Each structure stands twice: as C-alpha cells, then as structure tokens.
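A short write-up of the structure that comes next.
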C-alpha cells in the first residue's frame with residue numbers, strides 16, 4: 001500500500017493577504033488617518049475658507065493692519081475678496097451669529113473695498 005502525500009494548497013497566502021489589507025485599511029482610515037496639515041488656504045473647502053476669513057477679520061479688528069490682512073486674503077484667491085467678506089458678514093447676521101464677528105467681517109470687507117483700486 002502506497003502512502004498518500006498530503007496536497008498542500010496555498011490558501012494561507014491569500015488569507016494572509018486579505019487579512020493584511022483589511023487590517024491596513026482599518027488602521028489607515030479609522031485608527032490613525034493621515035491629516036494634511038500643509039494645505040494651502042485656496043485648497044480649503046468653503047467652510048474652511050469661511051473660518052479662515054473669520055480669523056483674518058478678527059485679527060484685523062484687533063490690530064488694524066490692512067496690508068497684512070490683504071496679503072492673507074490673497075492666499076484664498078477669491079475673485080472679489082471684499083464681496084466675499086461682506087457676503088459672509090451678511091450670512092453670519094442672517095444665521096444669528098456673533099455680532100462681533102459680523103462687524104469684523106464687514107469692517108474688513110469695507111476696508112478692502114476702499115483700498116482696492118477700481119478699474120474704469
């Protein structure tokens with residue numbers, strides 16, 4: 001009688017690969033997701049840009065450094081930064097947001113509008 005040799009399959013390789021991918025996805029998406037802390041202001045979504053404008057307006061309200069505020073606003077690459085600030089101030093008022101914030105946005109929007117030369 002002949003002894004049969006067990007047939008070896010390589011299912012353990014496929015199982016290891018699938019488990020490795022699953023564990024890698026769980027770690028990279030849920031446990032320790034990558035965060036891009038180096039995003040430029042113009043790469044932010046609309047909510048992020050709104051927060052950025054708020055911070056610029058509040059900084060301007062405290063130090064009144066218009067050139068610095070304008071250089072920060074340029075990083076957003078808005079077509080019309082003054083209009084964006086004024087529209088955001090109106091949105092804050094309409095949503096019942098803080099009065100100090102709406103005033104700071106409107107004040108900076110007006111200052112930028114007055115400082116920006118108009119084309120004929």
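The values are calculated or read from the model by the stated rules, or taken from the named source; none is laboratory data. Since the model is a prediction, treat every value here as computed from it, not as a measurement. Positions of Cβ are backbone-derived with ideal geometry, glycine not excepted, and every protein chain shown enters the neighbour counts.
Return the only residue of 47, 104, 59, 83 being in contact with a helix residue (DSSP H, G or I) (Cβ under 6 Å, 6 or more places away or on another chain) and either assigned to a helix (DSSP H, G or I) or surrounded by 13 or more Cβ atoms within 10 Å (Cβ to Cβ) (or both).
On inspection, the qualifying residue turns out to be 104.
State all residues of the range 64-80 that are in contact (Cβ under 8 Å) with a residue 12 or more places away in the chain and on the phi > 0 side of the Ramachandran plot; if no residue qualifies, say none.
Answer for the range 64-80, where residues must be in contact (Cβ under 8 Å) with a residue 12 or more places away in the chain and on the phi > 0 side of the Ramachandran plot: just 77.
Determine whether residue 89 is in contact with a helix residue (DSSP H, G or I) (Cβ under 9 Å, 6 or more places away or on another chain), part of a helix (DSSP H, G or I) and under 18 Å from residue 115 (Cα atoms).
Working: in contact with a helix residue (DSSP H, G or I) (Cβ under 9 Å, 6 or more places away or on another chain): yes; part of a helix (DSSP H, G or I): yes; under 18 Å from residue 115 (Cα atoms): no.
So residue 89 fails the test.
Can you tell me which residue within the range 107-120, out of those that are outside any loop (DSSP other than H, G, I, E, B) and in contact (Cβ under 8 Å) with a residue 24 or more places away in the chain, is surrounded by the most Cβ atoms within 10 Å (Cβ to Cβ)?
Filtering the range 107-120 for residues that are outside any loop (DSSP other than H, G, I, E, B) and in contact (Cβ under 8 Å) with a residue 24 or more places away in the chain, the one surrounded by the most Cβ atoms within 10 Å (Cβ to Cβ) comes out as 108.
So, residue 30, is that one at pLDDT below 95 and in a helix (DSSP H, G or I) or not? Working first, answer last.
Numbers: at pLDDT below 95: yes; in a helix (DSSP H, G or I): yes.
Yes; evaluated as a whole, the condition is true for this residue.
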